[in-house]
């Protein structure tokens with residue numbers, strides 16, 4: 001892990017700067033500000049008006065990054081995140097968002113079929 005920040009997530013009242021949160025999550029400070037502007041995470045302001053994030057924000061940012069990596073956009077992430085508060089690995093406990101996930105899966109399956117067709121066409125060209 002090298003120089004990665006290891007925050008004490010058991011202390012939910014502890015706070016960290018945006019730089020520390022970026023270090024702990026691998027997200028850029030710019031991304032974190034973007035997540036905050038879109039209401040996905042929140043920060044308190046200290047007396048110098050610097051952002052201070054609770055250590056629990058680390059897990060939330062990791063969830064956001066996992067969802068973005070799976071192909072969801074920020075609007076979809078905003079819908080899915082509250083359903084992941086109970087169990088971060090599953091969203092079936094939140095049936096109202098199942099449609100969003102199924103739509104994303106259907107779109108990925110469709111893209112996969114299209115890519116397979118393109119692959120076959122390219123293979124035919126070089127065969």
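Here are the numbers:
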quantity: Residue that is farthest from residue 83 (Cα to Cα), among those in segment 31-42 that are part of a helix (DSSP H, G or I) and touching a strand residue (DSSP E or B) at 6+ places or on another chain (Cβ under 9 Å); calculated: 33
quantity: Residue 45 at pLDDT below 95, more than 25 Å from residue 107 (Cα to Cα), in contact with a strand residue (DSSP E or B) (Cβ under 8 Å, 6 or more places away or on another chain) and surrounded by 14 or more Cβ atoms within 10 Å (Cβ to Cβ); calculated: no
quantity: Flag for residue 23 being surrounded by fewer than 16 Cβ atoms within 10 Å (Cβ to Cβ) and farther than 27 Å from residue 94 by Cβ; calculated: no
quantity: Residue 78 being in a helix (DSSP H, G or I), modelled with pLDDT of 90 or more and either surrounded by 12 or more Cβ atoms within 10 Å (Cβ to Cβ) or in contact with a strand residue (DSSP E or B) (Cβ under 7 Å, 6 or more places away or on another chain) (or both); calculated: yes
quantity: Selected residue (criterion: modelled with the highest pLDDT) from residues of segment 81-101 that are surrounded by 17 or more Cβ atoms within 10 Å (Cβ to Cβ) and in a loop (DSSP other than H, G, I, E, B); calculated: 94
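The values are calculated or read from the model by the stated rules, or taken from the named source; none is laboratory data. Please read all numbers here as calculations on a predicted model, not as lab measurements. No Cβ is skipped: glycine too gets one built from the backbone with ideal geometry, and neighbour counts run over all protein chains shown.
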